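The structure under discussion appears below in the form of structure tokens.
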Amino acid sequence: MDWTQQIGSLLERYATGSADHQAAERDFDHVVSHAPREQVGQGIAEAFRSNQTPPFPSMLSQLFTRSSGDQRATVLNTLVSTLGPAVMSRVLSQHGVTPANPVGQGPIKPEEADRVPPEAVQQLAAEAEHADPSVMDRLGHFYADQPKAVKTLGGLALVVALAKVAQAQSRG
């Protein structure tokens, strides 16, 4: 049985984007374990872009706060690859963070990422979204492997993400 048969009827509820928020939290785990990672990532990226959810910088800051050190480092390294080391260094210094190694001199390490405040991530995300909106796709795909963190965004964001997965499933 392929993934569409296993979760197709469940996703039908989300095709309109109006499913129950509490059910979305329960259903998200099931969908993540069966749907292709690519589609889950697209769903999360759509939640980042949606005007029904908080702005992307706020959502990313929230995810960052609830992520492990390794996950935080990946987020920051994704942002530095989008913004460049000069912007990253400027924003971090505005928030009182001085990396052990200059930004751009190798990847940001988890212990360094743990010192970055959520407000800095929010500012970095806003600048990255403006510089290259595809950063939301890259981070959506990264968080497709982090369902526990994504669930902290709440039911509305999950409904939007699941609706996108449902749309992809209906086209596929």
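Restricting attention to the stretch 140-156, which residues are crowded, with 21+ Cβ neighbours inside 10 Å and in contact with a Phe, Trp or Tyr (Cβ under 7 Å, 6 or more places away or on another chain)? Spell out how you get there, then give the answer.
Of the stretch 140-156, the ones crowded, with 21+ Cβ neighbours inside 10 Å are 140, 143-144, 150, 153.
Matches in the stretch 140-156: Gly140, Val150.
Being over 24 Å from Ala131 (Cα atoms) and touching a Leu at 6+ places or on another chain (Cβ under 9 Å) holds for only one residue in Ala35, Ala45, and it is Ala35.
Report, by residue number, each residue of the stretch 59-72 that is of a type in the set (S, T, N, Q) and either outside the structural domain of Ala144 (by TED's automatic domain parsing) or surrounded by fewer than 17 Cβ atoms within 10 Å (Cβ to Cβ) (or both). Steps first, answer last, please.
So in the stretch 59-72, the residues of a type in the set (S, T, N, Q) come out as 61-62, 65, 67-68, 71.
Selection gives Thr65, Ser68.
Restricting the stretch 82-91 to residues that are within 20 Å of Arg138 (Cβ to Cβ) and of a type outside the set (Gly, Ala, Ser), which is surrounded by the most Cβ atoms within 10 Å (Cβ to Cβ)? Looking at the filtered set, the residue picked out is Met88. Scanning the stretch 24-80 for residues that are of a type in the set (Ser, Thr, Tyr), within 14 Å of the chain's Cα centre (by Cα) and within 17 Å of Leu162 (Cα to Cα) yields a count of 2.
If you take just the helices (runs of 4 or more DSSP H) that sit entirely in the stretch 67-172, which of them hold at least 3 residues that are closer than 29 Å to His30 by Cα and modelled with pLDDT of 95 or more?
Numbers: elements: 69-83, 85-94, 110-113, 118-131, 135-143, 147-151, 155-171.
Correct list: 69-83, 135-143.
Is it the case that some residue within the stretch 102-115 is surrounded by 21 or more Cβ atoms within 10 Å (Cβ to Cβ), farther than 16 Å from Arg66 by Cβ and either of a type outside the set (D, E, K, R) or within 13 Å of the chain's Cα centre (by Cα) (or both)? Yes, there is a match, as at least one residue in the stretch 102-115 is surrounded by 21 or more Cβ atoms within 10 Å (Cβ to Cβ), farther than 16 Å from Arg66 by Cβ and either of a type outside the set (D, E, K, R) or within 13 Å of the chain's Cα centre (by Cα) (or both).
May I ask you to list the residues in the stretch 10-64 that are of a type outside the set (A, V, I, L, M, F, W, C) and modelled with pLDDT under 80?
Pass one, the stretch 10-64, residues of a type outside the set (A, V, I, L, M, F, W, C): 12-14, 16-18, 20-22, 25-27, 29-30, 33-34, 36-39, 41-43, 46, 49-55, 57-58, 61-62.
Within the stretch 10-64, Glu12, Arg13, Tyr14, Thr16, Gly17, Ser18, Asp20, His21, Gln22 meet the criteria.
The values are calculated or read from the model by the stated rules, or taken from the named source; none is laboratory data. In this text, all values refer to a predicted model and were calculated from it rather than measured experimentally. Neighbour counts run over all protein chains shown; Cβ positions are idealised from the backbone, glycine included.
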